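*Asks:* One structure follows; several queries about it will come next.
The values are calculated or read from the model by the stated rules, or taken from the named source; none is laboratory data. These figures come from a predicted structure and were not determined experimentally. Positions of Cβ are generated from backbone atoms using ideal geometry, with glycine treated the same way; all protein chains shown enter the neighbour counts. Remember, those area values only see protein heavy atoms, side chains included, never the ligands or the DNA or RNA. Shrake-Rupley method; radii C 1.70, N 1.55, O 1.52, S 1.80 Å.
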Amino acid sequence: MKPRYLVLAVACLAAFAAPNLAGAQEQRPPVSQCQAIAQTIPKVTFASFSGAPPLMPAVSEGEDVKLTFLGHSTFAIETPGGIVIATDYNGWYRPAAMPDVVTMNKAHSTHFTLAPDPGIKHVLHGWSDVPDEKANVNLVVGDAYIRNVTTDIRFSYGLGGSHENGNSIFIFEIAGLCIGHLGHLHYELTDTHYTEIGRLDVVMVPVDGGLTMGADSMSRVIKRLRSSLILPMHRRGPPVEAFVSMFGKDFDVANAPDDSITVSMRTLPKKPLIYVFKGVQ
């Protein structure tokens, strides 16, 4: 083949290959900056993705994320890009603005609704309606990447038994922060769970002391997660001090004057802080 025909043939092949390559890149899944890699469980090494940037808008790690406790286990999370997320959304506790995303769990009716406002663009169930399947959430909305890790739950109201993968720990990766909502956690996490969760800078934790887990079990989970900011929620019955008393001098405790906090990678507490919102006190 003469050189000029060889060049033409190569150019034609490149023209056909380029769209396919672009399509493959568009379908590449988001990359978690909080995800851990289990090389030797329980010794977990946090992954470095310097060679594979996440498929989401770049946001400065100095930007603020606002978290507001709305009631029970519902928080509003407001991203720097203006995305509003509501956790364990039941329709009773609502953010001031229509949320773009709501997450739900189904241990009790106070953690979900089957009739959400049709204006909510993304309704994420923490359970699967297909038997023997896990809920699988991997979603980028604006400047937020949302994923989940499933856990088992007990059947409600003394029926006995358990529902495999009936609860989801939702993880929100925003402005460099790894924010986790433990949902209606009934059992202590396994090494595999910790690996799937990865790093959590901020964690929302149920502290009812019985409907989910006892204070001692829940405190062990929190100590293992090593989060910088711990936000109690889902308090029924026992005072929040029953949970707080499980922690020693390695943790600070503060009662908040209201129900909101603004945080960034820059302003995370240096020492783990249990920050009790006014509505939980």
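*Asks:* How large is Rg over Rh for segment 147-261, taking Rg from the Cα atoms and Rh as the Kirkwood inverse mean of 1/r across Cα pairs?
*Replies:* Values: Rg = 14.1 Å, Rh = 14.8 Å.
On the Cα set of segment 147-261, Rg over Rh gives 0.95.
*Asks:* Let me ask something else. Would you mind estimating how fast segment 175-239 diffuses translationally, via Stokes-Einstein at 20 °C and 1.002 mPa s with the Kirkwood radius over Cα pairs, in µm²/s? Walk me through the intermediate numbers first.
*Replies:* On the way: Rh = 12.0 Å.
Calculated translational D: 178 µm²/s.
*Asks:* How many angstrom lie between the C-alpha centres of segment 81-103 and segment 197-268?
*Replies:* If you average the Cα positions of each part, the centres end up 21 Å apart.
*Asks:* Which of the peptides 264-270, 176-182, 70-76 is most tightly packed, and how do the rest follow, judged by the mean count of other Cβ atoms within 10 Å per residue? Please report the intermediate quantities before stating the final value.
*Replies:* Details: 264-270: 14.1, 176-182: 25.3, 70-76: 23.1.
Peptide ranking by packing, descending: 176-182, 70-76, 264-270.
*Asks:* Over all alpha-carbon pairs in segment 97-217, figure out the percentage whose distance exceeds 26 Å. Write down the numbers at each step before the final one.
*Replies:* On the way: 1382 of 7260 pairs.
Tail fraction, whole percent: 19.
*Asks:* Considering the convex hull of the alpha carbon atoms of segment 71-146, report its projected area averaged over all viewing directions, in nm², one decimal.
*Replies:* Details: hull surface 20.9 nm².
The number I arrive at for segment 71-146 is 5.2 nm².
*Asks:* Using the Cα atoms of segment 106-153, I'd like the radius of gyration and the largest Cα-Cα distance, Dmax, both in angstrom.
*Replies:* That works out to 12.1, 33 Å for Rg and Dmax.
*Asks:* So, one more: Over segment 222-281, what per residue volume does the convex hull of the Cα atoms give, in whole Å³?
*Replies:* With only Cα atoms used, segment 222-281 gives 89 Å³ per residue.
*Asks:* Here's another thing I want to ask about it. In what sequence, largest accessible area first, do 92, 127 appear using a 1.4 Å probe?
*Replies:* On the way: 92 160, 127 20 Å².
Correct descending sequence by accessible area is 92, 127.
*Asks:* Something else now. I need the shape label for segment 203-248. Rule: rounded when a/c is under 1.5, else prolate if a/b > b/c, else oblate, with a, b, c from the alpha carbon gyration tensor. Please list the in-between numbers first.
*Replies:* Values: a/c = 1.63, a/b = 1.49, b/c = 1.09.
Verdict is prolate for segment 203-248.
*Asks:* Oh, and also: Which of the peptides 252-260, 139-147, 114-122, 231-239 is most tightly packed, and how do the rest follow, going by the mean number of other Cβ atoms within 10 Å of each residue? Mind dumping the intermediate values first?
*Replies:* Values: 252-260: 13.0, 139-147: 19.8, 114-122: 11.4, 231-239: 18.2.
Ranking, from highest mean packing down: 139-147, 231-239, 252-260, 114-122.
*Asks:* Using 0.36 nm per residue, how much length does the chain from residue 122 to residue 260 gain when fully extended, once their Cα-Cα distance is taken away? Please report the intermediate quantities before stating the final value.
*Replies:* Values: separation 138, 0.36 × 138 = 49.68 nm, distance 2.35 nm.
Between residue 122 and residue 260, full extension yields 47.3 nm more.
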